[in-house]
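Colleague: Please find one structure pasted underneath; my questions will follow.
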Amino acid sequence: MSDQKKTTIATLQSYKRQGKKFGVLTCYDHTTARLMAESGVEVILVGDTYGEVCLGHSSTLPVRLDHLLTITEAVRRGAPDAFLMGDMPYLTYQVSPEEAIRNAGRFMADAGCDCVKLEVDRRLIKTVEALSAATIPVIAHLGLRPQSIHSHGGYRAQGKDAESALRLIEDAKLLEEAGVVGFLLEAVPTQVARMITENTTLPVIGCVAGPYCDGTVVVMHDMLGYSAGHPPRSVKRYADLHSILTGAFREYVDDLHSGQFPKEENGISMRDEEFEKLCAVLDDRNLRKLVQKKVVK
């Protein structure tokens, strides 16, 4: 990041101790990552939301590991000093701890991530322990877990009743003991998010989880106003790129239709002497009819 040192997990832990909030945005390409780095975004998540907002799928489930790794490498090149989270796609870590280590290791070694994010609960404790033992930092994604939408019955807030809220709090404690380096809480009540945040030394990132988490993540397309997928109603919109982009596209098409673009000045011209040489050669070959008699300048 410009004018900043590399952001690490120690940086985020220090922010928490200081009570300093940090920003988290999703990103899926090198150019946008560079702009985020220049703007001071501390944490970037290469999320499997790519499947919805960029590929047009109705969920995150179809995202493939190799594809996401390629994108993550590009984002790292654009933002070398940001804290980079790689989102583990569906079925890349649920099958076995060994497979989870192998796939997560690619995010770390090949894509240059600082950690991986897994949608987990107490049932995947052994996987988290195995990754931690393999020196792979894990952010535990709790609450609404988009890869589990069929189990949840759709995109629904989690922990809204006392029983399920208690289970979330217990899961967070168990996962902390298993070695995670932080949490991402999605679509959980503000009260529950606050309890978890204030009872751990680990950084907690909220996603529609209220103001008390240490950081907040939003999907870039949602906050810029040209989203697809399932944008949460509560996300603040910072720009309306839908109107800006469609306006620019319409103006371009109108210019083409009306002949306003391209003009001769938008093209490339030969020097007069080179064009005359070309015409002379074509005259010799009786091909002059292929070019204009007037020299194009």
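The values are calculated or read from the model by the stated rules, or taken from the named source; none is laboratory data. The model shown is predicted, which means the values in this text are computed figures rather than measured ones. Neighbour counts run over all protein chains shown; Cβ positions are idealised from the backbone, glycine included.
Colleague: From the list Tyr90, Tyr28, Tyr15, Tyr50, exactly one residue is touching a Cys at 6+ places or on another chain (Cβ under 8 Å) and not aliphatic (A, V, I, L, M). Which is it? Full working, then the answer.
Modeller: On the way: Tyr90 fails: touching a Cys at 6+ places or on another chain (Cβ under 8 Å); Tyr15 fails: touching a Cys at 6+ places or on another chain (Cβ under 8 Å); Tyr50 fails: touching a Cys at 6+ places or on another chain (Cβ under 8 Å).
So the residue among Tyr90, Tyr28, Tyr15, Tyr50 that is touching a Cys at 6+ places or on another chain (Cβ under 8 Å) and not aliphatic (A, V, I, L, M) is Tyr28.
Colleague: List, please: which pairs have Cβ atoms under 7 Å, are six or more places apart or on different chains, and start with a residue in region 62-78 that is under 15 Å from His30 (Cβ atoms) and end with one that is in a helix (DSSP H, G or I) and of a type in the set (A, V, I, L, M)?
Modeller: Val75/Ala33; Gly78/Ala33; Gly78/Ala37
Colleague: What are the residues in region 92-129 that are crowded, with 22+ Cβ neighbours inside 10 Å and touching a Ser or Thr at 6+ places or on another chain (Cβ under 9 Å), if any?
Modeller: Of everything in region 92-129, those that are crowded, with 22+ Cβ neighbours inside 10 Å and touching a Ser or Thr at 6+ places or on another chain (Cβ under 9 Å) turn out to be Tyr93, Ala100, Ala104, Phe107, Cys113, Asp114, Leu118, Glu119, Val120, Thr127.
Colleague: Could you tell me which numbered condition Ala248 fails, if it satisfies all but one of (1) at pLDDT 95 or above; (2) assigned to a loop (DSSP other than H, G, I, E, B); (3) farther than 21 Å from Gly19 by Cβ?
Modeller: Only one criterion is unmet by Ala248, namely (2).
Colleague: Please state which one of Val63, Val120, Val75, Val53 is closer than 18 Å to Cys207 by Cα and in contact with a Leu (Cβ under 9 Å, 6 or more places away or on another chain). Please lay out each step first, then the result.
Modeller: Numbers: Val63 fails: closer than 18 Å to Cys207 by Cα; Val75 fails: closer than 18 Å to Cys207 by Cα; Val53 fails: in contact with a Leu (Cβ under 9 Å, 6 or more places away or on another chain).
Exactly one residue qualifies, and that residue is Val120.
Colleague: Continuing with this model, one more query. What pairs come up if the first residue lies in region 88-117 and is small (Gly, Ala, Ser), the second is modelled with pLDDT of 95 or more and part of a loop (DSSP other than H, G, I, E, B), and their beta carbons are under 7 Å apart, counting only those six or more places apart or on different chains?
Modeller: Short answer, once both residue conditions are applied: Ala100/Tyr93; Ala104/Met88; Ala104/Tyr93; Ala104/Ile136; Gly105/Ile136.
Colleague: Only one of these is of a type in the set (D, E, K, R) and closer than 18 Å to Pro62 by Cα: Glu99, Glu119. Name it. So that I can check it myself, show each step before the final result.
Modeller: On the way: Glu99 fails: closer than 18 Å to Pro62 by Cα.
Testing whether each residue is of a type in the set (D, E, K, R) and closer than 18 Å to Pro62 by Cα leaves just Glu119.
Colleague: Examine region 48-61 for a residue that is crowded, with 17+ Cβ neighbours inside 10 Å, more than 18 Å from Gly225 (Cα to Cα) and of a type in the set (Ser, Thr, Tyr), and state whether such a residue exists.
Modeller: yes
Colleague: Tell me which residues, restricted to region 1-48, are among the acidic types (Asp, Glu) and out of contact with any strand residue (DSSP E or B) (no Cβ under 6 Å at 6 or more places or on another chain). Before the answer, list the steps.
Modeller: Residues of region 1-48 that are among the acidic types (Asp, Glu), as a first pass: 3, 29, 38, 42, 48.
Those that are among the acidic types (Asp, Glu) and out of contact with any strand residue (DSSP E or B) (no Cβ under 6 Å at 6 or more places or on another chain): Asp3, Asp29, Glu38.
Colleague: Would you check if Phe275 is within 30 Å of Tyr226 (Cβ to Cβ) and among the aromatic types (Phe, Trp, Tyr)?
Modeller: Values: within 30 Å of Tyr226 (Cβ to Cβ): no; among the aromatic types (Phe, Trp, Tyr): yes.
For Phe275, the condition - within 30 Å of Tyr226 (Cβ to Cβ) and among the aromatic types (Phe, Trp, Tyr) - is not met.
Colleague: So, one more: Would you check if Arg288 is over 19 Å from the mean Cα position of the chain (by Cα), at pLDDT below 95 and either outside the structural domain of Lys21 (by TED's automatic domain parsing) or over 30 Å from Gln13 (Cβ atoms) (or both)? Steps first, please.
Modeller: Values: over 19 Å from the mean Cα position of the chain (by Cα): yes; at pLDDT below 95: yes; either outside the structural domain of Lys21 (by TED's automatic domain parsing) or over 30 Å from Gln13 (Cβ atoms) (or both): yes.
Here the answer is yes, as Arg288 does meet what is asked.
Colleague: In this structure, does Ser234 turn out to be assigned by TED's automatic domain parsing to the domain that holds Ile139, surrounded by 14 or more Cβ atoms within 10 Å (Cβ to Cβ), at pLDDT below 90 and not in a helix (DSSP H, G or I)? So that I can check it myself, show each step before the final result.
Modeller: Details: assigned by TED's automatic domain parsing to the domain that holds Ile139: yes; surrounded by 14 or more Cβ atoms within 10 Å (Cβ to Cβ): no; at pLDDT below 90: yes; not in a helix (DSSP H, G or I): yes.
In short, no.
Colleague: Can you find even one residue in region 238-245 that is closer than 14 Å to Leu144 by Cβ, assigned to a helix (DSSP H, G or I) and touching a residue at least 12 places away in the same chain (Cβ under 8 Å)? Break it down stepwise before answering.
Modeller: Residues of region 238-245 that are closer than 14 Å to Leu144 by Cβ, as a first pass: none.
No: zero hits.
Colleague: Still on this structure, please answer the following. Would you be able to tell me the number of residues in region 148-165 that are of a type outside the set (A, V, I, L, M, F, W, C) and in contact with a Pro (Cβ under 8 Å, 6 or more places away or on another chain)? Explain how you work it out, then say what you get.
Modeller: Residues of region 148-165 of a type outside the set (A, V, I, L, M, F, W, C): 148, 150-156, 158-161, 163-164.
Still in the list and also in contact with a Pro (Cβ under 8 Å, 6 or more places away or on another chain): 155, 159-160.
Looking only at that region, the number is 3.
Colleague: Same structure, new question: Step by step: first the residues of region 37-56, then only those that are out of contact with any Phe, Trp or Tyr (no Cβ under 8 Å at 6 or more places or on another chain) and free of Cβ contacts under 8 Å to residues at least 60 places away in the same chain, then the one that is farthest from Gly154 (Cα to Cα). Which residue is that?
Modeller: Selected residue: Glu38.
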